[in-house]
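Novice: For reference, the structure I am asking about is given below.
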Amino acid sequence: MAEVVLERVTKIYPGDIKAVDDVSLVINDREFIVLVGPSGCGKSTTLRMVAGLEDITAGTIRIGDTVVNNVAPKDRNIAMVFQNYALYPHMTVYKNMAFGLMLRRQYGSWDNPLGILFGGGKYKKAREERKEIDRRIRAAAEMLGIQDLLNRRPKALSGGQRQRVAVGRAIVREPKAFLFDEPLSNLDAKLRIETRAELKRLHRRVQTTTIYVTHDQEEAMTLGDRVVVMKDGVIHQVGTPFEVYERPVNRFVASFVGTPPMNFFEGRLVRVGDKLVFDEGDNQLALCDAHQQRLSSFVDQPLIMGVRPETLLPATDAESGAALSVAVDVVEPLGERMDVFVSTARHGHIVCRIDARTPIEEGGRMDIRVDMERAHFFEPTDDGRNISTASYPPAAKVM
Ligand code: ADP
């Protein structure tokens, strides 16, 4: 097991396509880290550079104590699981799992009847090697619940079972790190959720450093000890799932993480009496105490307020202050909760996630209370920085 360190790694493909741009990242020993971002953000390229399947244009990648920039993939001691599993169709599950280890055997050439005659002690060692491979395969099969499938060929397996065999083949190698590239994409929704939980249990058990790539933010949030949010070849934020959800560093991260996504309101900060208030156009919302101080230098500037759907709740009559007056457009019941789509005169398609028992009528009007302590304020651009978190302004970079 090992830590994996990327230092200022860049990848430029022919045609001057910058897929990964000056990425630095430390993946701790035993950590499960997930690279997530929209399609084309450079996450697979990053993973493939760690695996050695793509050359690095600039920068350094270290696995454990070894700089691997010029180390062949087979010598990096990592195991990769792909979306399409890439199992050998003519081999049984057992042989698929054994294949990589058989190739790497030290005494393999003595493992035959002639070895007894001419190999001396080497025949014994070859047999021990084979036994060790068998032990690893049976242990991994048991861990994954595929003991009964060892004699089957891949075509006689379901998608979920094939996926497990692919993971099993990675486990038996006992590598320094696991690399997963969208391994659940080919599974149906239910199986994806089950397999997700299994991968997490498995990681608890084997504790191998894991780098996992997905475009699905929910998968990233459920699996990762930490999540790396990427866009356009650049890392925007690295943090625990809670951190990236509750304290997104910019508007891109805020909008990418969470379903339904965060609601955004264009407006400006104004001073009313001695209080700072966000003016949405038709509604004025008083900032909470912490934001009053932090945002005082942004008065009269255009800003974007971001609020998560679960922080918008129907206001009771007694409440005043931070409330929005909205029209109710559509109600989507989700069992226990419902998503209510509302609009103000200036902002459409605002979603509130509220208790399904709340009496609400489509086509009516209502007042919505905004939990202003959980509101975020962003500079008014697509990737505008979050100016309301304690980490703003960012500390100067020390090179
Ligand atoms: P992701 O995995 O996040 O979807 P990729 O790492 O596959 O993104 O790709 C990042 C960028 O690099 C994209 O713009 C993609 O089109 C480009 N790219 C990926 N592979 C190649 C390649 N072999 N040649 C040229 N461009 C590539």
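Bear in mind that the values in this text are calculations on the coordinates, not laboratory data. Quick caveat, the model's predicted, so the values are computed rather than measured. Neighbour counts are summed over all protein chains in view; Cβ atoms, including those assigned to glycine, are modelled from backbone coordinates with ideal geometry.
Novice: When you count, for each residue, the other Cβ atoms within 10 Å and take the mean per peptide, how do 360-367, 59-66 rank with the highest first?
Specialist: Numbers: 360-367: 12.2, 59-66: 16.1.
Final packing ranking: 59-66, 360-367.
Novice: I'd like the antiparallel share, as a percent to the nearest 5, of DSSP beta bridges with both residues in the chain.
Specialist: Bridges in the chain that DSSP calls antiparallel: roughly 75 percent.
Novice: So if I take the centroid of the Cα atoms in segment 262-334 and the same for segment 364-393, what is the distance between those two points in Å?
Specialist: 8
Novice: For GLY267, enumerate residues with amide H under 5 Å from its amide H, sequence gap 5+ or separate chain, H modeled in the peptide plane.
Specialist: LEU303, MET305
Novice: Given the rule -39500 (n - 2.57) for each run of at least 4 DSSP H residues, summed and divided by the residues of the chain, what is its mean residue ellipticity at 222 nm, to the nearest 500 deg cm²/dmol?
Specialist: Values: 10 runs with 107 residues, N = 399.
For the chain, the value works out to -8000 deg cm²/dmol.
Novice: What is the spin-label model distance, in nm, from LYS74 to ARG374 if the labels are put 7 Å beyond Cα along the C-beta direction?
Specialist: According to this spin-label approximation, the distance is 5.3 nm.
Novice: Also, quick follow-up: Within segment 4-246, how many Lys pairs sit with Cα atoms under 22 Å apart, leaving out pairs fewer than 8 places apart on the same chain?
Specialist: 20
Novice: Divide, for the chain, the radius of gyration over alpha carbons by 2.2 N^0.38 Å, where N is the residue count.
Specialist: Computed over Cα atoms of the chain, the ratio equals 1.24.
Novice: Taking H as built 1.01 Å from N, whose amide H comes closer than 5 Å to the amide H of VAL81, not counting residues under 5 places away?
Specialist: LEU179, PHE180, ASP181
Novice: Right, next: Between ARG173, ARG135, ARG226, where does the largest GNM mean-square fluctuation fall for the chain, given springs only between Cα atoms within less than 10 Å?
Specialist: Most flexible of the set in this elastic network: ARG135.
Novice: Can I ask one more? Quick one: length gained pulling ASP383 to SER109 fully straight, 0.36 nm per residue minus the C-alpha distance?
Specialist: This chain segment gains 92.8 nm when fully extended.
Novice: I need the calculated FRET efficiency for the pair ILE193 and ASP300, taking r as the beta carbon distance and R₀ as 41 Å, to the nearest 0.05. Let's see the in-between values first.
Specialist: Values: r = 48 Å, r/R0 = 1.16.
After rounding, the FRET efficiency stands at 0.30.
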